[in-house]
Amino acid sequence: MTSLGADWAFSHLVVGQVDQALLDLALTEANATMADLSHPLHIHEMFPGTAPPSFPRLDKFIQIVDLDSRVIARSLNLGTARLPTSASLLAKLRTGERVFETLADFGDERVRLLSMPVQIGDHAYAIQVGASLDDAAATLRLARLLFLAMSAGILGAVVLTGAMLARAVLRPIDQIVRRARMIGESALAERVPHPGTRDEMARLVETLNDMLARIEQSFEAQRRFTADASHELRSPLSRLRAELEVTLRRPRERARYEEALRSCLSEVERLSRMTDELLMLARLDAGGPPEALRPVDLTAILHEAGKRLAPEALRRNVALVMDIPSKLAVNVSPAALSHVVANLLDNAVKFSPLGSEVRVGVAIEGSAVVVAVTDTGPGIPEDEIPQLFERFFRGSAARHMEAPGVGLGLAICRALVEGQGGKISVNSARGRGATFRIWLPLVS
């Protein structure tokens with residue numbers, strides 16, 4: 001496209017220079033004629049002599065005609081031929097217009113012709129100057145060959161440069177691909193080497209390494225979860241098997257059989273609860289369609305959870321204090337929120353000492369509702385707080401008090417709360433109780 005544009009511009013430049021030379025010669029002839037009105041109209045030829053040759057007149061045809069197409073004078077090199085004067089050309093000349101045209105059928109070559117009207121005395125004439133376009137055509141042919149060669153050279157240089165740049169760009173990508181293919185499930189700790197630059201390739205490597213880190217964490221969490229689940233399931237199954245084997249070893253009294261069956265039933269109930277919690281975590285991890293969020297009365301859910309925990313709180317002589325408004329709407333899934341509140345209240349009652357209290361408070365912070373559940377239990381050591389919401393984690397207080405559970409409740413609570421667009425946190429210290437807070441979206 002650039003070569004075509006250059007060829008077009010150069011062609012107009014060459015033809016423009018020919019036209020300018022014709023115009024200069026026509027003006028020169030007109031001035032010479034008007035300066036010599038004492039003689040009849042004639043062409044001012046440059047005859048051989050001591051004067052230097054006139055290159056502007058060389059190989060140019062000159063003719064003077066009146067506006068009725070009669071030839072008044074013509075240059076010697078025209079011989080008996082005459083430059084054409086069509087009716088349309090004479091009409092334009094009568095209006096005073098200078099006319100440039102190209103003659104394709106005058107002689108053996110294409111001729112560029114200028115017809116210019118002039119007023120000499122009381123009569124109107126036209127001076128016609130023609131020149132061969134053979135030299136211009138040769139120049140244009142050479143220019144086109146030059147443009148073609150330059151275009152081919154530039155195209156070759158662009159292709160070669162593009163190939164070199166592509167190879168330079170793709171070489172690091174090939175290295176990344178080879179290294180990525182070597183990283184499997186057993187080598188997730190490996191990373192793609194950083195190129196040491198700050199360009200797009202570096203950002204690609206950083207993104208891949210971040211993705212590998214997340215995948216490694218996910219696989220590690222899956223391995224840890226599988227190991228912990230296997231351990232937690234194996235313990236009650238082992239106790240259940242041992243209990244049954246001892247009971248069946250020899251005949252026993254009815255009371256001993258009933259005692260063994262109650263012990264087995266306790267282990268089965270623990271396995272059932274654990275299975276339910278594992279299934280819930282599996283559904284949350286699978287990322288299935290979430291329950292629809294809708295405006296829910298938070299106060300009603302808190303009171304309902306308090307009623308369900310009232311018998312256990314009464315048995316432990318723990319007072320449930322509800323410092324909550326009469327009605328407050330939040331945008332959540334009611335089933336998920338009920339599970340979270342029930343779990344937090346159950347933990348608070350379970351870890352609170354006899355004769356203490358569990359307090360539930362509600363506050364509004366911006367566009368969120370904050371539910372706080374505070375107990376007066378043994379508290380949580382500072383080093384255990386970061387692990388508190390991990391699966392199968394049981395703190396020192398739970399192990400010391402031999403509290404029932406397998407360490408899945410708070411992990412489920414966090415997954416459910418975050419699925420509602422909220423968050424959960426805990427503030428505690430050893431011996432000072434604990435306060436769990438959940439942030440839920442307020443209905444505007």
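Residues in the range 322-377 that are buried (at least 17 other Cβ atoms within 10 Å of the Cβ), within 42 Å of the chain's Cα centre (by Cα) and of a type in the set (S, T, N, Q): 3 in all.
Could you tell me which of the residues Pro48, Pro40 is farther than 29 Å from His123 by Cα, over 60 Å from the mean Cα position of the chain (by Cα), assigned to a loop (DSSP other than H, G, I, E, B) and modelled with pLDDT under 70? Even if it seems obvious, please write down each step before you answer.
Details: Pro40 fails: farther than 29 Å from His123 by Cα.
After applying the criteria, what remains is Pro48.
Just checking, which of Gly162, Gly156, Gly184 is exposed (fewer than 11 other Cβ atoms within 10 Å of the Cβ) and either modelled with pLDDT under 75 or within 30 Å of Phe393 (Cα to Cα) (or both)? Result of the check over Gly162, Gly156, Gly184: Gly184.
Being assigned by TED's automatic domain parsing to the domain that holds Gln222, surrounded by 13 or more Cβ atoms within 10 Å (Cβ to Cβ) and at pLDDT below 85 is true for just one of Ser272, Ser263. Which residue is that?
Details: Ser272 fails: surrounded by 13 or more Cβ atoms within 10 Å (Cβ to Cβ).
Of the residues listed, the single one that is assigned by TED's automatic domain parsing to the domain that holds Gln222, surrounded by 13 or more Cβ atoms within 10 Å (Cβ to Cβ) and at pLDDT below 85 is Ser263.
Residues in the range 299-327 that are at pLDDT 85 or above and over 24 Å from Thr376 (Cα atoms): Ala300 alone. Under the condition of being touching a residue at least 12 places away in the same chain (Cβ under 8 Å) and among the polar types (S, T, N, Q), which residue from the range 110-137 is farthest from Leu25 (Cα to Cα)? Taking the candidates together, the pick is Ser132. For first residues located in the range 231-245 and surrounded by 11 or more Cβ atoms within 10 Å (Cβ to Cβ), partners that are modelled with pLDDT under 75 and β-branched (Val, Ile, Thr) and lie 6+ apart or on another chain with Cβ distances below 7 Å form the pairs Glu232/Val406. Restricting attention to the range 93-133, the residues that are charged (D, E, K, R) and closer than 18 Å to His12 by Cβ total 4.
The values are calculated or read from the model by the stated rules, or taken from the named source; none is laboratory data. From a predicted model like this one, the values you see are computed outputs, not experimental measurements. Cβ coordinates were reconstructed from backbone atoms using ideal geometry, including for glycine residues, and neighbour counts include every protein chain displayed.
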